[in-house]
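The values are calculated or read from the model by the stated rules, or taken from the named source; none is laboratory data. Computed from a predicted structure; not experimentally measured. Positions of Cβ are backbone-derived with ideal geometry, glycine not excepted, and every protein chain shown enters the neighbour counts.
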Amino acid sequence: MLEAMIELARGPLLRLSLLVMLAGLLRAFALQAWEIGWAWRRAGDHFVPWKLVIARNLSWLLPWRYLKSEERFVYNFVSFLFHVAIVLVPLFLAGHVAIWEKELGIGWWTLPPLLADALTVTGILALVGLLAGRYANGGSRRMSRAGDWLLPVLCLLPFVTGFMTSHPAWSPWNARVSYLLHLLTAELLLVVVPFSKLVHVVLFWSSQVSSELGWRFPPGFGHRVRQTLGKEGQGV
Amino acid sequence: MAEAAHRPCRGTFTVDEIQERLSYIIEKDRVDPHDLAGQFLEAFAAILKHSNYRQVIDNYARITARCMNCACACQIYKHTRAPEDIPCFRSNLLLEVYRRHFMLRGIVETRILGMHFLTDEKVVEMAETFWHCTACRRCTLECPLGIDHGLVTHLARYILSEIGLAPRALVISVREQLEGKTRNTSAIPFPAIRDSIEFLVEEIRDDKGIEVAFPIDQEDRDYIFFPAVSDYLMEAETLMGIATVFHVCGDGDRWTIGTNYFDGINYGLFYNDWILERCLLEEMKEARRLRAKNVLIGECGHASRSAKVFMPTFGGAEAPPVVHILEYTYRRWKEGRFRLRDDVVTEKVTYHDPCNIGRTGWIVNEPREILRSFCPNYVEMQPHGPHNLCCGGGGGTVSIDEIRPYRTGVTGTKKAEQLAATGAKYVVAPCANCKKQLREVIEDHGLEMEVVGLHDLVYRAIVIE
């Protein structure tokens with residue numbers, strides 16, 4: 001029974017969840033790219049300060065930018081560590097790459113086991129830290145919605161179950177159970193990505209351009225807004 | 001994407017009740033209290049349809065993380081520590097309206113579950129809170145996801161203004177500027193401006209012994225000059241400095257002031273894009289009438305950002321180049337066209353970066369280079385440059401006299417602390433709004449400082465050969 005479930009989770013469910021994630025992300029990115037292109041065509045000056053946009057995007061990928069931030073540098077640096085872990089571990093863990101080799105026949109560089117363990121533990125600690133940071137800060141706590149609490153937990157589960165799978169001694173149950181839980185929680189996370197704020201994996205890249213284009217107005221649009229609202233001819 | 005999900009609704013408030021809540025944000029006869037929420041959604045939908053806002057609001061609505069980075073950059077939140085002053089919290093008021101009424105998910109929720117999200121109460125709440133922000137955009141520097149809360153504030157105010165909820169002080173000024181007889185926000189008739197100019201010319205003659213011209217309605221000049229019109233009454237020394245620099249550099253016959261339209265102020269930047277465009281088109285029309293090659297903006301932050309950034313987008317290929325007076329003066333100073341004595345302004349001097357010219361790094365080093373060259377006691381305030389604190393009167397709030405206690409006691413408190421820490425005698429602030437606000441901050445906090453423009457000090461130290 002357990003093995004049958006693992007087979008299901010490792011085969012069809014994994015493919016389905018990857019498909020949902022990729023299709024969802026592709027849709028989000030394509031829609032945004034289309035909207036950006038449309039905005040660029042409508043803007044009177046067709047101008048985007050690319051250097052500024054690229055510099056800002058890149059600056060937020062660098063760890064020292066987070067250390068420079070006011071007051072929140074601990075939270076931000078922990079967030080940076082979490083991002084490193086959640087990008088590297090799923091893509092470069094030897095066990096994960098083996099799946100690609102089996103399914104698609106292509107493999108790539110893998111993390112040395114010790115580093116993989118270190119990154120996994122970093123990811124777990126960082127997520128706990130992020131949750132604690134969100135809770136400890138009154139403003140952040142008051143502002144947070146259900147998703148802001150659930151998503152870190154959702155990210156935490158595959159890390160924890162993955163660690164238990166590769167270190168059965170740390171697990172309260174059978175390693176195969178851990179493996180099944182790892183597969184299921186990871187698949188749940190994959191499916192959620194395009195429909196939650198995690199969609200920023202693709203939209204992060206465009207938000208700076210979007211911001212700039214938001215300020216680039218189509219000539220005469222204010223007048224057309226007035227027309228649509230039936231206020232044409234009315235004064236200030 | 002789907003259109004807004006509307007709901008039939010009765011009015012929740014009477015006009016008097018709205019006025020009680022939003023005393024300075026309403027003109028009584030311009031507001032229809034019936035179904036504010038429906039009106040808001042209608043205006044929001046129309047703006048999304050015709051503008052470039054949808055792509056950016058859609059992006060923000062999907063990715064906001066509520067991480068508090070913006071709050072740490074906000075001088076208002078740092079003073080009040082109230083959640084409603086967190087930039088992301090404020091932006092989410094509007095983003096939530098977008099999510100629940102314009103995104104597929106929200107529409108399903110609204111239509112199937114019948115959960116009508118936006119209420120008249122929420123509209124009034126937005127009208128209150130979006131005018132608590134000074135739109136300084138300091139928070140945008142700290143958002144890892146690139147969210148420009150200044151843009152969200154700008155859009156929210158635009159939507160609100162289309163349903164009649166905009167500060168009375170701004171609306172009345174704009175009405176006079178665009179549709180009144182005097183064609184300027186301070187309602188100064190041009191003859192009075194002419195008198196003021198004659199007075200300035202006499203003053204310069206007495207002070208410096210030179211005959212400086214303020215050319216009026218001259219054609220084919222390099223620059224047509226648009227200062228904040230209030231400068232003619234309140235910032236005499238700034239204007240005298242500018243005219244003297246032109247004169248000393250041999251450019252006295254290369255600039256002009258137009259009589260049809262001469263006010264650089266553009267309150268559209270603060271609350272309405274239709275107004276923003278109309279003011280810029282007026283500037284372009286006047287430049288075209290006098291066949292001026294460049295639009296030259298005086299010491300005014302929002303006027304220069306409006307013209308610099310938005311004239312090209314509204315005017316397209318016909319938009320003339322826009323030059324800020326600091327850029328002009330810096331260029332001439334670098335060329336060695338005028339010299340400044342370094343024994344005139346010996347007191348401690350500091351420089352305040354106006355948000356609209358400093359935040360993006362547009363004009364940051366130029367004024368500093370000039371000041372350092374002739375003010376031996378120049379000190380920086382901390383932080384400065386793109387990270388400088390707002391004067392506390394940004395986003396048009398400085399023009400609303402009713403909220404002075406809020407401006408100096410809440411938004412201006414961190415600024416007062418920052419100013420006091422410099423120990424400077426002079427605060428140089430090349431922006432009409434910042435000057436007014438900083439003077440009030442200094443007065444209300446009992447500081448011993450004086451606010452001046454860059455050209456005020458240049459005027460004192462310029463060498464007349």
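If I ask for residues that are of a type in the set (D, E, K, R) and under 27 Å from residue B:23 (Cβ atoms), which ones from the range B:98-140 would you list?
Within the range B:98-140, B:120, B:121, B:122, B:125, B:128, B:137 qualify.
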Check: Which of the residues spanning the range B:35-61 are facing another protein chain (nearest Cβ under 7 Å), small (Gly, Ala, Ser) and assigned to a helix (DSSP H, G or I)?
Finding: B:43, B:46
Next item on the list: Please report, ordered by residue number, the helices (runs of 4 or more DSSP H) entirely within the range A:104-187 with at least 3 residues that are closer than 30 Å to residue B:93 by Cα and of a type in the set (A, V, I, L, M).
Entry: A:113-136, A:146-166
Note to self: Quick check on my filter: what residues within the range A:24-50 are surrounded by fewer than 17 Cβ atoms within 10 Å (Cβ to Cβ), within 11 Å of another protein chain (Cβ to nearest Cβ) and part of a helix (DSSP H, G or I)?
What the structure shows: A:31, A:33, A:34, A:37, A:38, A:41
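Yes or no, residue by residue, for (1) facing chain B (nearest Cβ under 7 Å); (2) over 18 Å from residue A:87 (Cβ atoms); (3) of a type in the set (D, E, K, R):
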residue: A:177; (1), (2), (3): no, yes, no
residue: A:200; (1), (2), (3): yes, no, no
residue: A:210; (1), (2), (3): yes, yes, no
residue: A:214; (1), (2), (3): yes, yes, no
residue: A:218; (1), (2), (3): yes, yes, no
Check: Looking at residue A:229, is it of a type in the set (A, V, I, L, M) and over 30 Å from residue A:155 (Cβ atoms)?
Finding: yes
Item checked: residue A:235 vs. criteria more than 29 Å from residue A:73 (Cβ to Cβ), within 11 Å of chain B (Cβ to nearest Cβ) and exposed (fewer than 15 other Cβ atoms within 10 Å of the Cβ) -> yes
Notebook entry, point to check: If residue B:146 satisfies every condition in (1) at the interface with chain A (Cβ under 10 Å from one of its Cβ atoms); (2) in contact (Cβ under 8 Å) with a residue 40 or more places away in the chain but one, which is the exception?
Noted result: (2)
Margin query: For residue B:54, only one of the following conditions fails: (1) touching a Lys or Arg at 6+ places or on another chain (Cβ under 8 Å); (2) in contact (Cβ under 8 Å) with a residue 24 or more places away in the chain; (3) among the basic types (Lys, Arg). What is its number?
Written below: (1)
Notebook entry, point to check: What is the number of the single condition among (1) exposed (fewer than 13 other Cβ atoms within 10 Å of the Cβ); (2) within 14 Å of chain B (Cβ to nearest Cβ) that residue A:1 does not meet?
Noted result: (2)
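Within the range B:43-62, identify whether any single residue is farther than 30 Å from residue A:206 by Cα, of a type in the set (Asp, Glu) and touching a helix residue (DSSP H, G or I) at 6+ places or on another chain (Cβ under 9 Å), and answer yes or no.
no
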Next item on the list: Could you grab the pairs with beta carbons closer than 7 Å, sequence gap of 6+ or different chains, first residue in the range B:107-134 and over 30 Å from residue B:394 (Cβ atoms), second one surrounded by fewer than 14 Cβ atoms within 10 Å (Cβ to Cβ) and at pLDDT 95 or above?
Entry: none
Checklist line | The one condition in (1) buried (at least 20 other Cβ atoms within 10 Å of the Cβ); (2) among the β-branched types (Val, Ile, Thr); (3) within 13 Å of chain A (Cβ to nearest Cβ) that residue B:134 fails to fulfil | finding: (3)
Notebook entry, point to check: Of the conditions (1) within 14 Å of another protein chain (Cβ to nearest Cβ); (2) surrounded by fewer than 17 Cβ atoms within 10 Å (Cβ to Cβ), residue A:78 fails just one. Which one is it?
Noted result: (2)
Margin query: For the range B:349-368, check the following and say yes or no: at least one residue is among the small types (Gly, Ala, Ser) and either within 14 Å of chain A (Cβ to nearest Cβ) or in a helix (DSSP H, G or I) (or both).
Written below: yes
